[in-house]
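Visitor: What follows is a structure written as structure tokens; I'll ask about it next.
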Amino acid sequence: MDVGLIALFIATLTLMASFGGGLFDVLVNEENLVRGFPDSITHVRNYWKYRNPGDFYKVLSPVFGLSAIAAVGWYWSDPVGRQWLVLGAIGCFALTQFITVVYFFPGNRILRESPVDEAVAMMQRSRKTRLYWDYFRQFLTLTGSILLLLAIARQG
């Protein structure tokens, strides 16, 4: 049994789930959020009252990280270079997390906690920028997923 391959599979599955969730967030949630201000802000606040999209990633992120690190450890001296592909995927993932913490967390806090008119103003001001950063995060997540699939495909 190849423990490294199992770790790669888990890492790939969680990163692809993150891609799917993020794509849904960009194509559906963001569009619903920016239509019909200020009611859309109130609706999102009620919708996110108990759970929000971040809860999904609070589970996937650590599972990805642990399984990807396990795969790197397992394949560290791999002659076909799987470890470098996995490290590339970890780098893509780390960059998405950095963007999320630096850019999206402050905006989401305003969205959830500030007065509605302040949240509306922030969304109107930053809509295009949010979309660009969201699409870039999706690109990085997809790139990381492809790197992991290439690592799985390599025979050692």
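Visitor: Being of a type in the set (D, E, K, R) and within 23 Å of Ala11 (Cα to Cα) is the filter; apply it to the stretch 90-146 and report the residue that is farthest from the chain's Cα centre (by Cα).
Guide: Per the criteria, the residue is Asp134.
Visitor: Further, regarding this structure: Six or more apart or on different chains, Cβ under 7 Å: which pairs go from a residue in the stretch 41-54 that's more than 15 Å from Val28 (Cα to Cα) to one that's not basic (Lys, Arg)? Could you list them?
Guide: Matching pairs, first to second residue: Thr42/Val116.
Visitor: OK, next. Quick one: would you say Ala71 is touching a residue at least 40 places away in the same chain (Cβ under 8 Å), under 11 Å from the mean Cα position of the chain (by Cα) and surrounded by 15 or more Cβ atoms within 10 Å (Cβ to Cβ)?
Guide: no
Visitor: Still on this structure, please answer the following. Among the residues that make up the stretch 74-82, is at least one of them over 19 Å from Phe56 (Cα atoms) and without any contact (Cβ under 8 Å) to a residue 24 or more places away in the chain?
Guide: yes
Visitor: Mind counting the residues in the stretch 4-28 that are among the β-branched types (Val, Ile, Thr) and modelled with pLDDT under 95?
Guide: 2
Visitor: Among the residues of the stretch 35-51, which ones are buried (at least 16 other Cβ atoms within 10 Å of the Cβ) and not small (Gly, Ala, Ser)?
Guide: Hits for the stretch 35-51 are Phe37, Ile41, Val44, Trp48.
Per-residue answers, yes or no, for (1) over 21 Å from Thr143 (Cα atoms); (2) part of a helix (DSSP H, G or I); (3) modelled with pLDDT of 95 or more:
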site: Gly36; (1), (2), (3): yes, no, no
site: Ile41; (1), (2), (3): yes, yes, no
site: Asn46; (1), (2), (3): yes, yes, no
site: Pro62; (1), (2), (3): no, yes, yes
site: Ala68; (1), (2), (3): no, yes, yes
site: Trp84; (1), (2), (3): no, yes, yes
site: Ala89; (1), (2), (3): no, yes, yes
site: Leu95; (1), (2), (3): no, yes, yes
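The values are calculated or read from the model by the stated rules, or taken from the named source; none is laboratory data. Since this is a predicted model, take the numbers as computed values, not measurements. As a convention, Cβ positions derive from the backbone with ideal geometry for all residues, glycine included, and neighbour counts pool all protein chains shown.
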